[in-house]
Amino acid sequence: MLGNDAHIVARGDAWMNADSPVYICNSVDVANEILHASHRSALEPNNVVWSTVYRVRADEIEAFKIENGLIWTTQATKIKVDKPVAYHNPPHRSEAQLLANAQQMLPYFSKLIRGKKK
């Protein structure tokens, strides 16, 4: 499982407090690939920047999709955290990069504020 500063969990915790769709990486290699890809695309809208790979266990969960090394389930409360296995600091962004990113995202925020859908 992938986490960041917005989602920190401890050993024995359920991954989430409520069931919702999540994916489990079927190997540490897949998790690291996604984590590193999130760092390369950090300035794209809707991109989550991951920092931590957690080892988890999940007894008898139902998957609704298995694809590209990911196991999708809606049973996030059945996933229990074992321990973090890797941490990679998110990339540092300069002020110019952050301003450019804000300008890129402005249309998305404008649509949200006006209540328009994609």
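Below is a table of values for the structure above.
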| quantity | calculated |
| --- | --- |
| Sequence-separation-based contact order of the chain, relative, with Cα cut under 8 Å and 6+ spacing, percent | 33 |
| Heavy-atom accessible area per residue - the chain, 1.4 Å, Å² | 69 |
| Whole-Hz ³J(HN,Hα) from phi, Karplus 6.51 cos²θ - 1.76 cosθ + 1.60, for region 3-13, glycine and proline x | x, 8, 5, 7, 9, 10, 10, 10, 3, x, 5 |
| Spatially near lysine pairs across the chain, Cα under 30 Å, sequence gap of 8 or more or different chains | 5 |
| Rounded to 10°, Cα long-axis angle of helix 95-114 versus longest principal axis of the chain | 90 |
| J(HN,Hα) series, region 67-76, from Karplus relation 6.51 cos²θ - 1.76 cosθ + 1.60, nearest Hz, glycine and proline x | 7, 6, x, 10, 10, 8, 9, 9, 9, 5 |
| Two-site FRET efficiency, Ser94 against Asn47, from Cβ-Cβ distance with R₀ of 22 Å, rounded to 0.05 | 0.80 |
| Computed magnitude of the charge dipole of region 1-87 (debye, nearest 20; Cβ of K, R +1, Cβ of D, E -1) | 200 |
| Rg in Å to one decimal, and Dmax rounded to a whole Å, for the chain via C-alpha atoms | 16.3, 48 |
| Rg in Å to one decimal, and Dmax rounded to a whole Å, for region 57-118 via C-alpha atoms | 19.0, 48 |
| Restricting region 14-118 to GluC sites (Glu not before Pro) in coil, as DSSP defines it, with at most 14 other Cβ within 10 Å | Glu60, Glu62 |
| Accessible area of the chain belonging to carbon and sulfur atoms, whole % at 1.4 Å probe | 53 |
| Accessible surface of Met105 - all protein chains present, 1.4 Å probe, nearest 10 Å² | 50 |
| Total formal charge among the other residues, if their Cβ is under 15 angstrom from that of Phe64, Lys/Arg +1 and Asp/Glu -1 | -2 |
| Farthest positive-ward along the chain dipole, Cα basis, beta-carbon charges - from Ile71, Leu2, Val48 | Val48 |
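The values are calculated or read from the model by the stated rules, or taken from the named source; none is laboratory data. Just so we're clear, the structure is a prediction, and the values are computed from it rather than from any experiment. Quick reminder, even Gly has a Cβ in these numbers, built from the backbone with ideal geometry, and neighbours come from all protein chains shown. All accessible areas refer to the heavy atoms of the entire protein, side chains included, with ligands and DNA or RNA removed. Shrake-Rupley method; radii C 1.70, N 1.55, O 1.52, S 1.80 Å.
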